[in-house]
Every structure is written in structure tokens, then in C-alpha cells.
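Values quoted throughout were computed directly from the atomic coordinates according to the rules given, and no laboratory measurement underlies them. Just so you know, these numbers come straight off a predicted model, no measurement behind them. FYI the Cβ positions are ideal-geometry reconstructions off the backbone, even for glycines, and counts take in every protein chain you see.
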Amino acid sequence: MSDDRSEPITPAEQRLEELLAQLAAEHPTSDPAFAATVVQRARFQRAIVTPLRTVGTLVLSVGESVWLIFGLRRGDR
Amino acid sequence: MSGDTASTAPADAAYVQATLRGDLRAFEALVERHRDVVVRVAARIAGRDEAEDVSQDAFLRAFHRLGRYRADASFRAWLLQITHNAAVDHISRRRPEPVETPEAPEDPERTVARLPAERLESRERLARLERKLRGLSPDARVVLVLRDIEGLSYEEIADITQAPLGTVKVRLFRARRDLIEMLRRNTYDWELPE
């Protein structure tokens, strides 16, 4: 916990550092299957997100084309 | 406390590229490499009970944004920025925590591990300290966790929190001061000199 403080550290700050160092030494654990679970969810989301994006892009393109065609026809009149 | 990422950065970048080409084993390797720091930071910002959900959320957000990661930057700092945002979002969606009720002793069912008294006391003291940390504002808590517990540099913290360097230093100063005050007001003896 080195610091670039220009002022000297107070005894209370020193004690706080000790307490936080104890906390830092104690690591919360996670489920051993954590990575596998994340990858499973990523795979599932990718399977949904990619087709959704494709459909969205397609709908947008069709919408733009329709707007362009009708816009041009209206301009012809 | 914090391992420097300089030696792991090229490997991270390679795993990112492989993931972008569709290799989910490469993404799994990225998760394995960084899960400890992500879970630790999530636990200390959002609380232990929420750490796993916040961490999963952070990794999934990262997965969908991998295309935006710049290979010349630290992957860990980029990931911790996402973790920080996920944890702060999580806190803001949650009901405010009562500040004093967590002082109640831990559920005896959860501490039946029959640990030696000294270890039990130490564990309980750390649990109390974690709860006190959660009494700080999210901004203050984040800088204190990243600096004083994870040992990150001010520059890294500025990147992660997207705050100017000066703001990070001021927040840290106030966070330490506020935590000392909170511990002094506490009935538990933290052995803090006046």
C-alpha cells in the first residue's frame, strides 16, 4: 500500500492501513465453475444477439428503402 | 497486492483476438486469468453476496464489447472499468443498506465451522470492516478499494473510474478520513489512536 503522500501518515491512518491490509490478504472465493458458467451464458447470448442484430439491420435497410422509394415517387408528382 | 499486467498484456490481447474470431475457449481463458481480481473488486464494492452476479455481469458486458478494446491498453484496467460500472449500477438498483443493523452478530449457522476462537474473531472483525466499507459513498468506496486494498496506481484508478487524477486523490483522502471517523464512532474497538 505504498503511497506518494507528501505529508507524514498519522497513527490513525497507519492503523487503518493495517486493517485494510488484513482485508486485502483475505480473498473472497467464487464458484469453481464460474468461468464455465460465464462462457455458457456468453454462448447463449451470442446465439441470440447475433440473429437479432441481423434481423434489426435487415428491417432498418428495408425501412430505409421503402422510405426512399416513396420519397422519390412523391418527388416525381 | 496487484500484479502488474505488463507481462500478461500480450497474452490478453491474443485471447481477445481469438475470442473475436469466435473461439470461446479463449474467452474462458480470459475469465480464468482475471476472475480473482474481478470477484474481489465486485465483492468489496457491491458486497460479498452480490459479487458473483456482478462479476458475471461484468464479464458478459466485456464479452459483448470486446471489439472496442484497444490492444495497447491494459486489459485488466479495461475490465475493471466495466466491473466498476457493473458494481455501481448494481448498488444504485438496490435498496439503500441500513448502516447500523449490520452490526448484529453473524448468523451462528454460518459460523459453525468450529474454527479456533482467534480465527473466528479475526474473520468477524474483517466482516465488520467490510460492512463499514459499504457505509462509504460508492465513489469513496471504489477509490479506497482500488488503491488501499487492490494496490492500483492513481493513474489506473483514474482510468477505471473515468475521473481526473486530482479527483481520485481528493476522493481517496476523504474516503480514508470518513472511514476512520466511522470506525471511531463504532462501539467495536478498532484500536484507532486519536
Review point. So how tilted is helix A:34-76 from the main axis of chain A? Cα-based, degrees 0 to 90, rounded to 10.
Key: 30
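Taking the Cβ of B:Ile160 as the centre, find all other residues whose Cβ is under 11 Å away and add up their charges (Lys, Arg: +1; Asp, Glu: -1).
Here the charged neighbours net out to -2.
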Study note, to complete from the structure: Scalar couplings 3J(HN,Hα) for region B:79-85 by Karplus 6.51 cos²θ - 1.76 cosθ + 1.60 (θ = phi - 60°), nearest whole Hz, x for Gly and Pro, are 5, 5, 5, 5, 4, 4, 5
Review point. Across peptide A:55-67, how many C-beta atoms of other chains are within 10 Å of each residue C-beta, on average?
Key: 0
Revision key, fill the gap. The answer for trypsin sites (Lys or Arg not before Pro) in region B:18-64 that fall in a DSSP coil and have at most 14 neighbouring Cβ atoms within 10 Å is B:Arg21
Review point. Rounded to a whole number, what is D in µm²/s for chain A from Stokes-Einstein with the Kirkwood radius over alpha-carbon pairs (10 °C, 1.306 mPa s)?
Key: 82
Practice item. Obtain the nm distance between the two label points defined at B:Leu24 and B:Glu155 by a simple spin-label model: each point lies 7 Å from its Cα along the Cα-to-C-beta direction. Key: 3.8
Study note, to complete from the structure: Simple spin-label estimate for A:Ala47/B:Glu194, 7 Å along Cα→Cβ, in nm, reads 6.6
